[in-house]
Amino acid sequence: MSKRVYLSLLAALLVFVSAAGSALAQTSAEEWTPEQRKLLQDTLSLNELERDTERIVGEQQELARQGELLNVEIKQLESRIAENRERSGSIVRAQYMQSQRPVFLSLLNARSLGDFNRLFAYYRLAVRHDEELLLGFRKDTDALEARRGDLAANSARLEEVRLGIEEQRLRLRTLQKDIDSGLLASDDPGSLNRLAEELNVYWNNVGLYEVDEYFAELAAASNELPDFLQKSGKMKVSGLGTRYTIKLTDTELNDFLRSRNADFENFSFTFEDGRVIAEGKRDRLSLRIEGRYTLETEPQNAVLFHVDNLVFNGLELPGSTRKELEQKYDLGFYPQQVAPVEVREVEMVDGHLQIVLQLLL
């Protein structure tokens with residue numbers, strides 16, 4: 001059984017069978033009352049903030065573990081450096097003395113050629129040992145400096161995460177109060193509460209995975225886009241042959257996506273003035289993504305996609321969910337993967353996306 005079939009059956013079981021006759025199953029987003037919509041919006045936001053808080057707490061624990069390991073490594077380096085510091089100082093002093101009394105004078109005191117060769121071999125061994133010891137000492141001190149920098153960065157990030165957790169928990173408490181107040185003010189708090197519970201069940205068991213799969217499929221297709229643009233003849237030469245312009249209509253992009261994955265048959269992109277809107281519907285799930293392509297130069301030259309708004313079944317998902325999906329799935333594309341070019345301009349106007357590239361000589 002495929003994943004999609006399994007999820008669809010699970011959705012039917014959880015929502016239509018176990019919650020038969022419920023308001024969530026019987027109404028669409030357009031039919032919700034303002035009271036229902038606000039409660040469902042707050043419930044979905046609360047669910048996602050709780051999930052994001054768990055993720056942040058996990059990051060905090062991992063940072064703390066890394067900090068402990070760094071402290072152990074720093075102590076080991078400090079101990080080894082302390083042991084070798086005096087020996088390294090002795091070597092430097094000895095080398096200074098040798099520079100005052102050339103080594104060849106000692107070799108001249110050899111009584112035979114055999115003694116000379118032995119003395120010279122011993123000298124070379126001593127020099128090599130001293131060089132290795134000094135090099136090891138220098139590597140240890142450099143490593144110690146680097147680890148102290150890593151620990152400082154780790155501590156700063158740990159404090160940032162700690163403050164983030166506090167802010168998240170404050171938002172959670174505020175949102176929970178809003179939900180509780182909405183239920184208390186409702187004429188039918190029992191039905192409203194069941195509606196919210198059913199939404200959580202559906203989102204956690206179906207919606208979240210469906211949205212995640214959509215983004216995974218979009219990321220896979222985006223990775224093939226540069227090659228498609230090159231082979232389809234969309235890169236038009238201008239200027240002295242060093243400048244290229246790509247014009248891609250939203251119809252062409254949709255055709256490309258559907259040629260890569262049948263799941264995009266009910267999903268379409270539209271280019272508007274400075275924005276990209278992607279939306280689709282399948283079974284009981286609808287998804288709307290609003291975002292934009294931007295030119296980025298760091299850490300590399302690329303056209304990246306940013307999610308500004310994400311709407312699931314008529315309900316807006318919080319910023320934490322958008323950020324998580326944007327970081328997890330790269331929906332940008334990188335022309336340098338197929339040609340030695342640099343992106344110079346990105347523009348979205350009604351119906352098409354235009355990208356200007358400069359050939360790297």
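From the list L229, L218, L208, the lone residue that is part of a helix (DSSP H, G or I) and open to solvent by 10 Å² or more (accessible area, probe 1.4 Å) is L208. Taking each residue of segment 247-259 that is more than 21 Å from V356 (Cβ to Cβ) and looking for partners that are open to solvent by 50 Å² or more (accessible area, probe 1.4 Å) with beta-carbon atoms closer than 7 Å, six or more apart or interchain, yields R258/E265.
Residues in segment 166-202 that are aliphatic (A, V, I, L, M) and within 31 Å of the chain's Cα centre (by Cα) were compared, and the one that is farthest from L315 (Cα to Cα) is L170.
Filtered by the rule that a residue be open to solvent by 70 Å² or more (accessible area, probe 1.4 Å) and at pLDDT 85 or above, segment 263-273 gives E265, N266.
R157: at pLDDT 80 or above and part of a helix (DSSP H, G or I), yes or no? When the stated conditions are applied, R157 passes them.
Of the residues making up segment 66-85, those that are over 18 Å from A146 (Cα atoms) and exposed (fewer than 14 other Cβ atoms within 10 Å of the Cβ) are E83, R85.
When segment 307-343 is filtered for residues that are open to solvent by 40 Å² or more (accessible area, probe 1.4 Å), part of a strand (DSSP E or B) and closer than 29 Å to R55 by Cα, the ones remaining, listed by number, are D308, E316. Of the residues screened, S222 is not one that is among the hydroxyl-bearing types (S, T, Y) and at pLDDT below 80. Candidates in segment 274-299 are the residues that are more than 23 Å from L253 (Cβ to Cβ) and not charged (D, E, K, R); of these, the one that is surrounded by the most Cβ atoms within 10 Å (Cβ to Cβ) is T297. Annotation: L360 fulfils all but one of (1) within 30 Å of T33 (Cα to Cα); (2) surrounded by fewer than 15 Cβ atoms within 10 Å (Cβ to Cβ); the unmet one is (1).
L361 fulfils the conditions (1) over 17 Å from the mean Cα position of the chain (by Cα); (2) free of Cβ contacts under 8 Å to residues at least 40 places away in the same chain; (3) not in a strand (DSSP E or B) except for a single criterion, (2).
The values are calculated or read from the model by the stated rules, or taken from the named source; none is laboratory data. Source: prediction; values computed, not measured. For neighbour counting, all protein chains shown are included, and Cβ atoms are generated from backbone atoms with ideal geometry for every residue, glycine included. The area values use the complete protein model at the heavy-atom level, side chains included, leaving out ligands, DNA and RNA. Shrake-Rupley method; radii C 1.70, N 1.55, O 1.52, S 1.80 Å.
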